1. Taking the label point as lying 7 angstrom from Cα along the Cα-to-Cβ axis, what are the distances from B:M14 to the corresponding position in the remaining copies, in ascending order and in nanometres?
2. Taking A:K80 as the anchor, which lysines have their alpha carbon closer than 28 Å to its alpha carbon, excluding any fewer than eight residues away along the same chain?
3. If we count every other residue with Cβ under 13 angstrom of B:D40's Cβ, Lys/Arg +1 and Asp/Glu -1, where does the sum land?
4. What are the label-to-label distances in nm, one decimal and shortest first, from B:K67 to the same spot in the other copies, with labels 7 Å along Cα to Cβ?
5. Between beta-carbons, use under 13 Å as the cut-off and find the net charge around B:R76, counting Lys and Arg +1, Asp and Glu -1.
6. Across peptide A:32-41, what mean number of C-beta atoms from other chains lies inside 10 Å of a residue's C-beta?
7. Please average, across the residues of B:67-76, the number of beta carbons from any other chain that are within 10 Å of each residue's own beta carbon, and give a whole number.
There are 2 protein chains.
Amino acid sequence: MVDDCPATGQSGCMDARLDMVFSALADPTRRSILAMLLEDDMAVTDVAEPFDMSLAAISKHLVILTKAGLISQEKRGRVKWCKLEPDALRDASIWMQGFGQFEAVNLDAFERFLTDELGEGDEPSLHP
Amino acid sequence: MVDDCPATGQSGCMDARLDMVFSALADPTRRSILAMLLEDDMAVTDVAEPFDMSLAAISKHLVILTKAGLISQEKRGRVKWCKLEPDALRDASIWMQGFGQFEAVNLDAFERFLTDELGEGDEPSLHP
DNA sequence: GGCTTATTCAACCAAATGGTTGACGATTGT
DNA sequence: ACAATCGTCAACCATTTGGTTGAATAAGCC
């Protein structure tokens, strides 16, 4: 009954986590927030600034991202800092790769990944 | 205005597609369907069979998966065949990998991937 | 102490989601 | 021709989602 196989999805115990991760990613605002946090940790107010939306709405988005494990929030003083937490993203990505494994063409993606990351200079350029 | 950078998410034209892919993946029923289709193409009725849910509901799920590009449906005679379409999954997975790229630990995932796929024999064993 | 800033809470709302049922068109088999 | 099977459509329903406001809590500044 433990989730022995990530592909079956049959009542696995990581189902709920995947639910949360994918539905968190399903919103463009939340994806933008993740992209912003990719560059640096940010306070809630600063996260909200570029959006045409109330602070409360952003706060709720951040709660959703936190519950999904995609970010973490640490309160220091009166400001709450948001930090990207790539593990959950990685897990979900791995899950998805399961669906490509049986196709040889899937290797394209990894070639692209590797050349993007390793071929383009030494400093970890975030997004070419 | 074209989506020049997959990380910004700023009004990129692939946003809508990612919306659809991730919200399609956010439902456990739909993920199970994908897992079933991983093993073989299936007719709609056969997809619906293991679920405790009406055929119409499954039909709707399949429409959602189709619109997201995750599966394709081809009607042959009176039965409609559903086939996994891994490209969309791969694209979304690539997008997600962007969030791991700046971390060295991300390479773990790819090591795991490579050993899983290449290390476990010649025949494309679907899911060990 | 009293103002300002940072963030959440609570109540509310419109729209989207995920399901049901029953009727319907299309295709197949006898 | 008739009946059975495959799948979708339409109408409906309950719940969730994503947003709004205004008040409330908490911390820093003068």
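1. Output for B:M14: 2.4 nm, nearest copy listed first.
2. A:K60, A:K67
3. Value of the local net charge: -2.
4. Between copies, matching label points for B:K67 lie 2.4 nm apart.
5. +2
6. The mean count of partner-chain Cβ atoms within 10 Å per residue comes to 4.
7. Mean partner-chain Cβ count within 10 Å for B:67-76: 0.
No value in this document is a laboratory result; all are computed from the given coordinates. Since this is a predicted model, take the numbers as computed values, not measurements. Backbone-built Cβ (ideal geometry, glycine too); neighbour counts: all protein chains shown.
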